[in-house]
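Since the structure comes first, as structure tokens, the remarks are kept for the end.
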Amino acid sequence: MKISDLELRTINLPLVRPFRTSFGTQNAREVAILKLTTGDGIVGWSECVAMSEPLYSPEYVAASLDLMRRFLIPALKVAGEFTVQDVARILSPYLGSPMAKATLETALLDAQLKTESTSLATFLGANKSEIPCGVSVGIAPTIPQLIDEVSGYISDGYKRIKLKIEPGWDLEPVAEVRRNWPEIPLQVDANQAYARSDGELLAQLDQFDLLLIEQPLDEHDILGHALLAKQVQTPICLDESITSLRSAEDALALKATTVINIKPGRVGGYLEAVKIHDLCLSEGIPVWCGGMLETGIGRAANVALAALPGFTLPGDTSASSRFYHRDITEPFVMHDGYLSVPQGIGIGVTPDLDFLESITSHKEIIDF
Ligand code: OSB
Ligand code: MG
């Protein structure tokens, strides 16, 4: 493949309601969108999952864009002609920023699969045509408001509820949701908000029959998670700590995690995500697909990934309406709690260009 030009843009989409986590409150999604055109005029799309501020990960939108412009795109220019399988290696001298790297690799993957008339799901090894969906529920102002919101998602058909927790918003909201829905698959996500000394508190969550506790401790505290795993019965699931195949191998070997949340952007792309999936499948470790408030572009690719055989738990692969009044692609609509896996070639979706223009705050074209 030879790249002819890249178009980098930033868009802003308002959220249907504020999304509060232990690291902050979001009212809108600022997201970088990449359009890649090949020498043959084939177009590939991707989105960068970095958020506006470095609160979930060190990477943030402006940093990803800077790295792409300053280092990653020039490295691809020097490489000249290559396939999607070469991208990670070409970009590897530049440390960190898996989200920026994933953005470039994914747009190229979309374009390459279009030239090969293959869908991303087929290419990745999917064995399902639809996937069950979970939903991530933010920290609410009050318990009644939380119950109201969860109740709406359950009527929408979501198959699994994930509650965001933090110190002071944990046992009580979880108890109330469990009391209202004794059977619903339920899990929690702390986004690193607890300390090693919180083992006793977190062990009290055991009584609520949760699927897992996601990332209770600091992303670098692998030992802390391993120690915690001995103190609580509920499985520990790492999110932020898993940034590569190697970090997944380490966390599993050290028994810091028994379930893994796979987010392609966090691990540098879909190819690395599949490697982590394959490792977990061979070791009997369940995985699920995380979410980063993706637009339809990123969602399409995540839904394809979630259709692989090792994804045995519902992911944060919600309908477009979970976050957005209007998506930039045809909306992902859930039927009985399932989303259909896109069957079109490449990622299988394209954005509505007029709508995209109308919400664009910045755009630049880089010729090759
Ligand atoms: O920790 O999983 C997370 C959203 C933004 C940043 C981090 C996380 C989340 C979510 C999933 O909880 C949101 C989604 O459904 O896309
Ligand atoms: Mg998480």
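The values are calculated or read from the model by the stated rules, or taken from the named source; none is laboratory data. Keep in mind that this is a model prediction, so the values were computed, not measured. Ideal geometry is used to build each Cβ from the backbone, glycine not excepted, and the neighbour counts take in all protein chains shown. The protein model used for the area step is the full one, side chains on, heavy atoms only, and it has no ligands, DNA or RNA in it. Shrake-Rupley method; radii C 1.70, N 1.55, O 1.52, S 1.80 Å.
Averaging Cα coordinates gives a centre for segment 147-180 and one for segment 229-288; these two points are 24 Å apart.
Take the chain, mark every one of the GluC sites (Glu not before Pro) that falls in a DSSP loop and has at most 15 other Cβ within 10 Å, then report the longest stretch left between them, sites excluded. Please list the in-between numbers first.
On the way: sites that count: GLU116, GLU183.
Result, exposed sites excluded: 184-368.
Using heavy atoms of the protein chains and a probe of 1.4 Å, the accessible area assigned to VAL333 is about 80 Å². Listed by chain and number, the lysines whose C-alpha is less than 23 Å from the C-alpha of LYS2, apart from same-chain residues fewer than 8 away, are LYS35, LYS77, LYS101, LYS114, LYS363.
What the phi angles of segment 237-246 give under the Karplus curve with 6.51, -1.76 and 1.60, with θ = phi - 60°, is a coupling list of 10, 8, 10, 3, 5, 8, 10, 5, 4, 4 Hz, glycine and proline written as x.
Solvent-accessible surface of segment 122-340, averaged per residue with a 1.4 angstrom probe and all protein chains in place: 38 square angstrom. Nonpolar atom fraction for the chain, defined as the carbon and sulfur part of the 1.4 Å probe accessible area, stands at 51 percent. With N as its number of residues, segment 122-340 has a Cα radius of gyration that, divided by 2.2 N^0.38 Å, comes to 0.97.
Segment 184-218 and segment 1-60 have their alpha-carbon centroids 29 Å apart. Put a plus charge on the Cβ of each Lys and Arg, a minus charge on the Cβ of each Asp and Glu, and nothing anywhere else: the dipole of the chain about its Cα centre is then about 280 debye.
Helix 98-115 and the long axis of the chain differ in direction by around 60°, with both axes built from C-alpha atoms. Counting only alpha carbon atoms, the long axis of helix 296-305 and the longest principal axis of the chain meet at about 70°.
As an exercise, identify the trypsin sites (Lys or Arg not before Pro) in segment 270-356 lying in DSSP coil whose Cβ has no more than 16 other Cβ atoms within 10 Å. Could you put the intermediate results ahead of the total?
Numbers: sites: LYS275, ARG299, ARG322, ARG326; in loops: ARG326.
Those satisfying the criteria are ARG326.
With N as its number of residues, the chain has a Cα radius of gyration that, divided by 2.2 N^0.38 Å, comes to 0.95. Approximating the spin labels as points 7 Å out from Cα along Cα→Cβ, the ILE366-to-GLU116 distance works out to 2.4 nm.
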